[in-house]
Structures are given as structure tokens and as C-alpha cells.
Amino acid sequence: MYALDNVGRNTIAMVLAGGKGERLSPLTLRRAKPSVAFGGKYKIIDFVLSNLFNSGIRRVYILTQYRAYSLNKHIRESWGKWTGLGEFYVAISPETKSESEEWFKGTADAILQYLRFVESSDADYVAVFGGDHIYKMDINQMIGNHRMNRADITIAALEVPFDEARRFGVFSVDEDFRVVGFAEKPEKPERIPGRETCFASMGNYIFSTRKLIEVLLEGKRQHEDLDFGKHVIPMMLEKGDRVFAYNFNDNVIPGMKAEERGYWKDVGTLDSYYDANMDLINVSPQLNLYNYKWPILTNQGNLPPAKTVFDDDERRGQNIDSYVCGGCITSGSIVKRSILGPMCRINSYSLVEDSIFFDNVIVGRHAKVRRTIIDKNVVIPDGMVIGYDHDEDRRRGYTVTASGIVVVPRQDK
């Protein structure tokens with residue numbers, strides 16, 4: 001099932017998972033963005049960790065920071081248990097390390113604070129990946145591209161239309177995809193030679209280990225807030241290091257269909273998060289969670305199967321075009337085009353449409369919920385109506401996005 005070879009065994013990974021995800025508030029008031037639920041049963045971070053695991057990269061440091069407790073707990077109770085001798089998935093954060101209480105000041109500074117793990121490893125390559133994006137990727141193919149180019153750093157690049165490129169950090173490349181320049185959100189993005197598209201940075205890097213150590217120690221002397229995009233890549237370009245872009249569209253995983261290629265979502269805003277989740281319930285979603293040759297792994301829990309209850313004319317439990325997790329009970333109610341996280345209960349005569357529920361949401365009788373994201377452990381009282389009158393939703397203290405998505409925050413303290 002998994003691509004196990006020397007490349008994976010000669011690589012360690014550092015996953016940057018300390019992001020606040022402020023634009024996802026209130027979902028991130030009590031948790032880091034990588035710890036936010038996605039697709040009902042998963043956490044956002046499960047996607048990058050599954051990519052590493054399926055690629056045979058089993059020595060992984062997860063660098064957490066903001067509101068790290070729930071994320072550290074998730075790693076410890078799932079990923080930390082699945083590895084063997086010489087393999088590990090371990091979460092570490094500046095909140096718990098003994099020599100300093102100082103938090104990360106930049107993406108490269110985060111790696112620098114734990115450079116001792118890189119220096120003490122026997123790895124030839126270091127994969128530095130973000131922990132807050134939704135995608136599938138065989139990282140071995142990117143490492144193979146890095147080796148073929150004899151690169152010092154290889155940067156995962158998303159091929160985007162010219163008109164969209166202004167929203168990203170954009171690379172200028174030559175015909176061999178060697179990077180010759182980098183600009184953050186440029187007014188006039190450089191196109192890929194011979195194409196009408198541009199290369200946008202995905203924030204994922206493969207470094208040759210010695211070069212990573214060298215450039216971080218050099219960068220530390222120049223920049224306190226050392227960052228890969230702002231400092232490290234420009235430094236390497238200035239020195240003439242071998243910097244290459246890897247086209248994510250060329251990446252193919254086992255069992256992938258043609259329409260799945262190039263799927264990558266930032267889910268950085270409430271609207272983009274909602275849209276990416278709702279894509280999953282399409283008949284043929286671009287992100288296929290039913291590809292068992294490249295599974296997305298998570299902490300499954302010991303939950304009973306989901307079930308529907310009652311089959312009376314006026315009280316019939318129905319889940320229609322929905323994604324329903326273990327432990328859920330749809331009791332004499334109707335759920336349409338929605339995602340129910342584990343252990344949700346929808347009571348009789350209620351209607352849930354086009355909504356996303358986190359764990360353990362309980363909806364009382366005769367309630368109506370539409371186009372709403374509800375955080376974990378929320379109880380919706382009998383008869384409550386959400387998502388139909390946005391002025392009333394705001395008066396209750398709920399967030400309402402510009403597109404009309406309502407967000408009901410956690411009620412537990």
C-alpha cells in the first residue's frame with residue numbers, strides 16, 4: 001500500500017503546525033488551525049501526516065505552538081501510537097521545551113529552534129511542510145525530483161492562472177524549472193516559460209540536510225524573524241544555490257483519477273473552509289476520501305456505527321446526500337447535504353441542511369439549521385432556528401460571513 005524505499009528512510013520531516021488561523025475564528029479560539037476538524041472525522045493536520053506516512057516518511061517532528069493542547073493530544077493518541085522501532089510522529093512546542101520559553105518568530109525560525117534534531121539525524125533530506133492544507137501528495141516523487149536536479153532546495157509549486165497569481169508568492173523559473181526569482185503577491189506575476197500560468201508557492205520544501213543547516217545558521221546572524229519565503233529563499237537565490245520548483249500537478253498517487261490532480265486547498269477563511277467541506281458530499285468530489293490505496297488516517301475512536309431511527313410518515317430518520325460519522329443518530333429527523341462529525345444526535349421533527357457539525361452536537365426537536373457550521377459539544381435547543389434570519393443569528397452572538405455562512409462557537413469553557 002505504501003511507497004517504502006530508501007528515499008523515505010533517508011528523510012526526516014518537520015511539520016509547521018503552530019498557526020493561529022485567525023481568519024477561521026471562532027473555530028480557532030480554542031485550537032490551532034491544524035487541529036480544526038475537516039470532513040467530519042479528520043483534523044486538518046491529518047492530511048499532511050497521511051501524505052508523509054503513505055510516502056514512507058516515518059520520522060516526523062510536528063512543531064506546535066498556539067493553543068497546542070488539543071493538537072498535541074491528537075498526535076499522542078493517534079499518530080504517536082502507529083510507529084515502530086526508529087520511527088516516530090512526535091509533537092513538540094516551545095511551550096514545553098526546557099531551554100527556552102520563546103515562541104517561533106518565523107517559519108524558518110521554528111526549524112532553527114529545533115535544529116539539533118536535524119543535526120543529530122542521519123537523514124540526507126529534510127522535508128519542511130505546513131500542517132494546515134488539504135491535499136494528497138506522494139512526497140517521494142518530489143524528493144526524486146530534488147535528487148535528479150541535484151538541488152539544494154526544492155519548493156512545491158501550485159500552477160495557477162495568471163489572474164489568480166497575485167494572491168500568492170510567485171516564482172520566476174527558467175525552462176528547467178530552476179527558480180531565478182521570487183515575489184510576494186506581485187502586481188505583474190511572472191509566467192512559466194511557454195505557458196499562460198504561474199508558479200505559486202505551497203509552503204512545502206525539500207532541503208538537502210547540510211544546506212538547510214548552513215543556510216539557517218547564516219540566516220540567524222542576519223534576521224531575528226527568520227522566514228523561508230521572506231529571507232531564506234532570497235538568500236539562497238542571491239548566493240546562486242540550486243533552487244528548483246516542483247510542479248504539484250505532476251504528482252500522481254496510487255488510485256488517483258485524472259480530475260483529482262492538483263487538488264490543494266488552503267481553507268484559510270470560513271467560506272473556503274465551508275466550501276471545501278461541502279465539496280466532499282458531491283457525487284464525485286475532487287478530493288476522494290474513498291481511495292483506499294492512499295488513505296487519510298486519523299484517530300478512529302471506538303464508536304458504534306451511525307444509524308437512523310423511526311420510519312413513520314411524520315417522523316422518519318433520513319440522511320440524504322450527507323456524510324455521517326460514527327456514533328451519530330438521526331432520530332425521526334432529516335439531514336440533507338450536510339456533514340455530521342462523530343457522536344452527533346439530531347432529534348425528532350428537526351431539519352438540518354447544507355451544514356457542518358463538529359463532534360457531539362445535539363439538535364433538539366423541531367429545530368431548523370441551514371448553512372451553518374456548529375462547533376463541538378453545542379446543544380441546539382428545541383425549536384431553535386439558525387441560518388434563516390441572519391440579524392437574529394448575530395444577536396445571538398454567532399458569526400455570519402459575507403456569503404451567509406453562520407458559525408456557532410463552542411459552549412464549553
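The values are calculated or read from the model by the stated rules, or taken from the named source; none is laboratory data. Nothing here was measured: the structure is a model prediction, and the numbers come from that model. Note that we place each Cβ from the backbone using ideal geometry, even for glycine, and neighbour counts take in every protein chain shown. In case anyone asks, the SASA skips ligands and DNA or RNA and just uses the protein heavy atoms, side chains included. Shrake-Rupley method; radii C 1.70, N 1.55, O 1.52, S 1.80 Å.
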Exercise. Could you tell me which of the residues V243, V267, V252 is of a type in the set (A, V, I, L, M) and loosely packed, with under 15 Cβ neighbours inside 10 Å?
Key: V252
Quiz prompt | Conditions (1) open to solvent by less than 20 Å² (accessible area, probe 1.4 Å); (2) out of contact with any Gly (no Cβ under 6 Å at 6 or more places or on another chain); (3) modelled with pLDDT of 95 or more; (4) farther than 17 Å from A156 by Cα: number failed by V173 | solution = (4)
Quiz prompt | Subset tally (residues that are over 18 Å from G19 (Cβ atoms) and either charged (D, E, K, R) or in a helix (DSSP H, G or I) (or both)) for region 39-50 | solution = 2
Quiz item: Within region 58-76, how many residues are assigned to a helix (DSSP H, G or I) and modelled with pLDDT under 90?
Solution: 2
Exercise. Determine whether G21 is closer than 22 Å to D359 by Cα, modelled with pLDDT under 95 and among the small types (G, A, S).
Key: yes
Exercise. Just name the residue that is surrounded by the most Cβ atoms within 10 Å (Cβ to Cβ) out of those in region 281-290 that are closer than 21 Å to N54 by Cα and in contact (Cβ under 8 Å) with a residue 12 or more places away in the chain.
Key: L287
Exercise. Would you be able to tell me the number of residues in region 216-230 that are open to solvent by less than 20 Å² (accessible area, probe 1.4 Å), more than 21 Å from R191 (Cα to Cα) and within 27 Å of the chain's Cα centre (by Cα)?
Key: 3
Quiz item: Just checking, which of K265, K293 is closer than 23 Å to T28 by Cβ, touching a residue at least 24 places away in the same chain (Cβ under 8 Å) and of a type in the set (D, E, K, R)?
Solution: K265
Practice problem: Taking F310 as meeting all but one of (1) more than 19 Å from P342 (Cα to Cα); (2) under 27 Å from the mean Cα position of the chain (by Cα), write down the number of the exception. | Solution: (2)
Exercise. Have a look at A258, A200 and point out the one that is at negative phi, among the small types (G, A, S) and surrounded by 14 or more Cβ atoms within 10 Å (Cβ to Cβ).
Key: A200
Exercise. Kindly check whether there is at least one residue in region 276-290 that is assigned to a helix (DSSP H, G or I), aliphatic (A, V, I, L, M) and touching a strand residue (DSSP E or B) at 6+ places or on another chain (Cβ under 8 Å).
Key: yes
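Residue by residue, here is whether (1) modelled with pLDDT of 95 or more; (2) among the hydroxyl-bearing types (S, T, Y) holds:
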site	(1), (2)
W264	yes, no
D279	yes, no
I296	yes, no
F310	yes, no
D313	no, no
G317	yes, no
S322	yes, yes
G326	yes, no
D354	yes, no
Exercise. Collect the residues in region 176-220 that are among the aromatic types (F, W, Y) and modelled with pLDDT of 95 or more, keeping them in residue-number order.
Key: F177, F199, Y205, F207
Quiz item: Which residue pairs have Cβ atoms closer than 6 Å, lie 6 or more positions apart in sequence or on different chains, and pair a first residue in region 297-315 that is closer than 19 Å to S78 by Cα with a second residue that is surrounded by 13 or more Cβ atoms within 10 Å (Cβ to Cβ) and of a type in the set (S, T, N, Q)?
Solution: L297/S50; N299/S78
Practice problem: Would you check which residues across region 53-71 are among the polar types (S, T, N, Q) and in contact with a Ser or Thr (Cβ under 6 Å, 6 or more places away or on another chain) and list them? | Solution: T64, Q65, S70
